[in-house]
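The structure under discussion appears below in the form of structure tokens.
The values are calculated or read from the model by the stated rules, or taken from the named source; none is laboratory data. The structure displayed is predicted, hence computed values, not measured ones. Note that each Cβ is placed from the backbone with ideal geometry, even for glycine, and that neighbours are counted across all protein chains shown. Note: accessible area is taken over every heavy atom of the protein model, side chains too, but ligands, DNA and RNA are not part of it. Shrake-Rupley method; radii C 1.70, N 1.55, O 1.52, S 1.80 Å.
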Amino acid sequence: MEAGTVFEPLVKEEITHTQLVKYAGASGDFNPIHTVVPFAESAGLGGVIAHGMMIMGFVGQAIGQWFSVKDLAKFSSRFKAMTRPGEKITVTGSVVEETANRWICQAEAVNEDGEVKVKAYFEIKKK
């Protein structure tokens, strides 16, 4: 593998309100901006938004499909935009640099309009 190598994209199903409620239960994040439409609207969000950590989890899922998780040395991410029910997220990634013992990689979670939701960088230990 070398710099410029592109990974197979991970395409997620459309995000649903039910999925947000389930994620709230699994994560313990019951902030009503994620599950209660009137509350999220009164907060000026125009409706509920997905948990940022859920979208970051999609990136983690993709990395786990691209590499063995035991080889993951570093993982950092930045939230770039809110995600709403009805959006479909695709995670793409590539190798940006190769060192003697690591691949330095990047990934992005984007919606169907190309809006970046999460941008991530990660390092994989070479065997």
- Are any of the residues in the range 67-90 open to solvent by less than 30 Å² (accessible area, probe 1.4 Å) and under 17 Å from Y121 (Cβ atoms)? yes
Conditions (1) within 16 Å of the chain's Cα centre (by Cα); (2) crowded, with 18+ Cβ neighbours inside 10 Å -> T35 fails only (1)
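May I ask you to verify whether V96 is over 15 Å from E13 (Cα atoms), in a loop (DSSP other than H, G, I, E, B) and touching a Phe, Trp or Tyr at 6+ places or on another chain (Cβ under 9 Å)?
no
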R102 under 23 Å from L45 (Cβ atoms), touching a residue at least 24 places away in the same chain (Cβ under 8 Å) and open to solvent by 30 Å² or more (accessible area, probe 1.4 Å): no
| query | Do the conditions hold for F30, that is, is it loosely packed, with under 14 Cβ neighbours inside 10 Å and modelled with pLDDT of 95 or more? | reply | yes
Of the residues in the range 62-93, those that are closer than 30 Å to A40 by Cβ, assigned to a strand (DSSP E or B) and in contact (Cβ under 8 Å) with a residue 40 or more places away in the chain number 7
Checked the range 9-52 for anything farther than 19 Å from N111 by Cβ, among the acidic types (D, E) and either in contact (Cβ under 8 Å) with a residue 40 or more places away in the chain or not in a loop (DSSP other than H, G, I, E, B) (or both); matches are E41
Reported set for the range 1-25 where residues are open to solvent by 100 Å² or more (accessible area, probe 1.4 Å) and modelled with pLDDT of 95 or more is V6, E8, V11, E13, K22
